[in-house]
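Novice: Have a look at this one before I ask anything.
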Amino acid sequence: MARYALRRLMAEYKQLTVNPPEGIIAGPMNEENFFEWEALITGPEDTPFEGGVFPAKLQFPSDYPLSPPKMQFTCEMFHPNIYPDGRVCISILHSPGDDPTGYESSSERWSPVQSVEKILLSVVSMLAEPNDESAANLDAAKMWRDDRQQFNQIAQKLVRHTLGLQ
Amino acid sequence: MQTKMRALLFALGSFLLTSAVVGHAYYQRKQFYPSVVFITKSNPSMAVMYTQGFVLVLLVGKLMRKLFFGQLHAAEFEHLIERSWYAVTETCLAFTVFRDDFSPKFVALFTLLLFLKSFHWLAEDRVDFMERSPVITWVFHLRILCKILVQKFLRKIHLIPRVILSALLTLLGALDYLFVNSAYHSTLSKGPSVQLVFGFEYAILLTITTNISIKYILHTIDIESENPWEAKAVYLLHTELIVGFLKVVLYGLFMLIMARIHTFPLFAIRPMYLTTRAFKRALQDVIMSRRAIRNMNHLYPDVTPEELANSDSTCIICREEMTSGAKRLPCNHIFHTLCLRSWFQRQQTCPTCRLDVLQTAQPQAPPRPPPPAANNAQADARPAPPPAQPMGHRPFHMPHVWMPAAPRQGNAGDASSDSTAGASASSSSTQAGPIPMMPPPFAFSFPAHGFPFPPPPPFFPPPPISVPLPPANFEGMTREELEALVGVEEENIRNRIRCLRNIQCFLDAAVLQMHQYSTATGRHIFTSNDEPTLPNFEGLLKNLQEEARKVDKEPEGAAGFSPPQAPEEIPEEDKEAAELRKLRLQRFSPNDDSAK
């Protein structure tokens, strides 16, 4: 099992280094273990997260393309779809069996067609457009809906924080 | 770093204390035996001795770990710590059951058990890691880089950790067996006691060792063989199932016996629960895998190598080229048989379009016509014609004669060479794009034009004419026949229109190609003559636009497509452009051989 996962991860790594998508860097933490990756995501433009560089780690299961990886931001995040401990909650990271929030149709769930690149791109678009229907961080979702200004302020603070300005 | 220093200090202090205590006792009693009695009689001395024992055990454990595993990986270490905490808690719970037998020997035995357990865990992790680490590429690189001798030598070095690992596994197995045996004999001779617990624990450890060894052997075979070993997954599944079953039986027995003799063994509940769950999962996996294999063999047609060669065939599951061993799902998506099988163990849907294959597979007829790119191959693969195809219109049916598959590919490939090259370079984004309905074999279908789907499915050679041609005059035909004829004709007309549209598309593509060509040659002139610089392009464009406007204004100008400019009308500043155009025309004229 894991051999297939390894080969696929290598293929994806190669793909990502040869042809990196804009604003995203990702790769294994060390070449010995391809099942733990580190990713850097730049905040999308024209959003409160603009300019930030957010580190995250990806943990791949040994049956990887069959099961989704887990993604967790390693910096502080405040976003409706990110748990306070940094875990990312988006539908393509859930296999069709489990549904933590009960809002996702199975068509947007994980399938082997997805890839690291697509996960990271969806995370970028999630940063730009939070989905407050299936909130992982209730405070953030509430603030995003009711008090956008304060939400933006907090996001800006986080951006400055990730850049080491504060 | 700090914890290391602290541990070192602790070990040193313990050694100093022990030597002080022993020295003191010997100084007091002068002889060996009396000093031993002196130490055992005094509680503080015994405390020091126990601490020393603990430190020694830890050191021995460290030594063994270094010997067998070398440096531990971070994940392994975390795993070890987590599991040890559980084990310690459970041991403490077990102590409560056997508080009557509590003695230093008992504690020592438990410590030993804990140590052996931790080694089992580490061995398990290490064997699992074998599969994950990209060792194969290392060997691969060596093979490329080194000559045979050097390579052999290095491969031997590379084998050393494996030799150690197998030695460890044998040792663990032997130890487990030994302890089970001794526990069994002591229970037989002295009646049930704590030995019962140890016996069961070691029996379970023995099953774990067996499991690890089997896995280890399988992995080794897999690594040694050049190409991935297909049957391994099945073997692994079955091993898991059998070992899981053994463990569940062992735990069940243990629970029963313990509940009868002592009390209900609380400390065994967690492991029991975990094993039952693992067993259940293994059972489910085996069942699903069997079902998936059966479905694979019966429901979905194989894709022939020629067909694969004709299409852009990357298996979207493993992202590798498909050369053989591929299956086609009812929704026309193609995957490696093995990849598909492992996915079907999880879910019975198409990975690309999420079609529920179990439900749609029953009628056996493909809902959409397969690609014409593989006419003949398809005919081989599927002897029986799909029922959806009405046979009647065969004799009229022409499109595949007008539009043979091969030139089509060539054209599309040429015309869109730029755009497709770009698209295929970033293949993952196009292939697996958000529109999953696009079947993968058509990766070269026209991205710019939204190429229409291939004309009707000519996937077998026209059959021997079984249906007689309708008579020239329609007398003597029944109403139904006439209606059928009308339907057939309609279908034919539709096909023809589709064909014409395709041709139109090709023409568009050709125009595009010509345009690209002309721009390319234009640039070539600039670079070779070095005279007119790039900004003149804008002048040219303006000129053209003006002319177009003029043509629009004069109604009679629209009728004749006269050459856009006569030399006397050219303003001064456009002369260069005109010259350029003339040059280009020269280059383009077919007689001119000097043009490239």
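Novice: Here are some residues: A:Glu50, A:Glu36, A:Glu45. Which one is within 28 Å of A:Val159 (Cβ to Cβ), surrounded by fewer than 19 Cβ atoms within 10 Å (Cβ to Cβ), of a type outside the set (Val, Ile, Thr) and within 14 Å of chain B (Cβ to nearest Cβ)?
Specialist: Criteria check complete, one pass: A:Glu36.
Novice: Can you pull out every residue in region A:27-38 that is among the hydrophobic types (A, V, I, L, M, F, W, C) and either over 24 Å from B:Thr314 (Cβ atoms) or without any contact (Cβ under 8 Å) to a residue 60 or more places away in the chain (or both)?
Specialist: Of everything in region A:27-38, those that are among the hydrophobic types (A, V, I, L, M, F, W, C) and either over 24 Å from B:Thr314 (Cβ atoms) or without any contact (Cβ under 8 Å) to a residue 60 or more places away in the chain (or both) turn out to be A:Met29, A:Phe34, A:Phe35.
Novice: Looking at region A:21-57 only, could you name the residues that are modelled with pLDDT under 85 and part of a strand (DSSP E or B)?
Specialist: Those that are modelled with pLDDT under 85 and part of a strand (DSSP E or B): A:Asn30, A:Asn33, A:Phe34.
Novice: Report yes if A:Ser67 is in contact with an Asp or Glu (Cβ under 6 Å, 6 or more places away or on another chain), open to solvent by less than 60 Å² (accessible area, probe 1.4 Å) and within 14 Å of chain B (Cβ to nearest Cβ), otherwise no. Outline the logic, then answer.
Specialist: Details: in contact with an Asp or Glu (Cβ under 6 Å, 6 or more places away or on another chain): no; open to solvent by less than 60 Å² (accessible area, probe 1.4 Å): yes; within 14 Å of chain B (Cβ to nearest Cβ): yes.
No; evaluated as a whole, the condition is false for this residue.
Novice: For region A:1-26, which residues satisfy the criterion of being without any contact (Cβ under 8 Å) to a residue 40 or more places away in the chain and either in contact with a Leu (Cβ under 7 Å, 6 or more places away or on another chain) or away from chain B (no Cβ under 14 Å) (or both)?
Specialist: Answer for region A:1-26, where residues must be without any contact (Cβ under 8 Å) to a residue 40 or more places away in the chain and either in contact with a Leu (Cβ under 7 Å, 6 or more places away or on another chain) or away from chain B (no Cβ under 14 Å) (or both): just A:Ile25.
Novice: Go through region A:126-152 residue by residue and tally those that are loosely packed, with under 13 Cβ neighbours inside 10 Å and among the polar types (S, T, N, Q).
Specialist: Qualifying residue count, region A:126-152: 2.
Novice: Run down B:Ser324, B:Ser342 and say which single residue is open to solvent by 30 Å² or more (accessible area, probe 1.4 Å) and within 30 Å of A:Leu16 (Cβ to Cβ). Please lay out each step first, then the result.
Specialist: Details: B:Ser342 fails: open to solvent by 30 Å² or more (accessible area, probe 1.4 Å).
The match here is B:Ser324.
Novice: Among the residues in region A:1-16, are any more than 30 Å from B:Leu237 (Cβ to Cβ) and either small (Gly, Ala, Ser) or open to solvent by less than 30 Å² (accessible area, probe 1.4 Å) (or both)?
Specialist: Yes, some residue in region A:1-16 is more than 30 Å from B:Leu237 (Cβ to Cβ) and either small (Gly, Ala, Ser) or open to solvent by less than 30 Å² (accessible area, probe 1.4 Å) (or both).
Novice: Just give me the residues in region B:41-87 being open to solvent by 30 Å² or more (accessible area, probe 1.4 Å), in a helix (DSSP H, G or I) and within 14 Å of another protein chain (Cβ to nearest Cβ), in sequence order.
Specialist: B:Ala74, B:Ala75, B:Phe77, B:Glu78, B:His79
The values are calculated or read from the model by the stated rules, or taken from the named source; none is laboratory data. Computed from a predicted structure; not experimentally measured. For neighbour counting, all protein chains shown are included, and Cβ atoms are generated from backbone atoms with ideal geometry for every residue, glycine included. Accessible surface is based on the protein model in full, side chains and every heavy atom, while ligands, DNA and RNA are left aside. Shrake-Rupley method; radii C 1.70, N 1.55, O 1.52, S 1.80 Å.
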